[in-house]
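Read through the structure below, which is laid out as structure tokens, and then see the notes.
Since every read-out is calculated from the coordinates, none of them should be taken as a lab result. Since the structure is predicted, the reported quantities are computational estimates derived from the model, not experimental observations. No Cβ is skipped: glycine too gets one built from the backbone with ideal geometry, and neighbour counts run over all protein chains shown.
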Amino acid sequence: MPDVIVTANDIVAIGVLRALHEQGVQVPEDVGVIGINDIDIAKDLSPPLTTLKLYAEEMGQTAVMLLLERMEGREIEKKITIGHRFIWRESFKSND
């Protein structure tokens, strides 16, 4: 059994939590579960889902801005970093 399962998104994490529960695996005692996106229901699950919040609206706005700049002739590559926030809830505990 892994120490933690990191899923592609919170919806998949919900399925993982359910499957683990059906198999009698304790979360987070036996394995931790982490999702991505921080959907509204994540905090209401049992146990509440640890998740990585990505800022999709900001990413979309930035993508459009970059596209418009390219269409206007910008040829120089531009690197953009958009932050995230780790939301620590009960579905994951550190072994530190």
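Considering helices alone, the calculated mean residue ellipticity of the chain at 222 nm is -10000 deg cm²/dmol, with DSSP H runs of length four and up weighted by -39500 (n - 2.57) and normalised per residue. Taken along its principal axes, the alpha carbon cloud of segment 2-96 reaches lengths of 58, 27, 18 Å, longest axis first. When only the Cβ of Lys, Arg, Asp and Glu is charged (+1, +1, -1, -1), the dipole of the chain relative to its Cα centre reaches about 160 debye. Couplings for segment 7-22, taken from phi via the Karplus curve 6.51 cos²θ - 1.76 cosθ + 1.60 with θ = phi - 60°, read 9, 5, 6, 5, 4, 5, 4, 4, x, 5, 4, 5, 4, 5, 4, 4 Hz in order; Gly and Pro are left as x.
Note on GLU90 and VAL4: the extension gain reaches 29.7 nm, defined as 0.36 nm multiplied by sequence separation minus the Cα-Cα distance.
Strictly greater than 15 Å: what percent of every Cα pair in segment 4-55 meets that?
Working: 456 of 1326 pairs.
Cα-Cα pairs of segment 4-55 separated by over 15 Å account for 34 percent.
Where does each of 66-73, 16-23, 34-41, 82-89 land if you order them by average Cβ count within 10 Å, highest first?
Listed from highest to lowest mean packing, they are 34-41, 16-23, 82-89, 66-73.
Based on the Stokes-Einstein relation at 20 °C and a viscosity of 1.002 mPa s, and on the Kirkwood radius from alpha carbon pairs, segment 44-96 is assigned a translational diffusion coefficient of 153 µm²/s.
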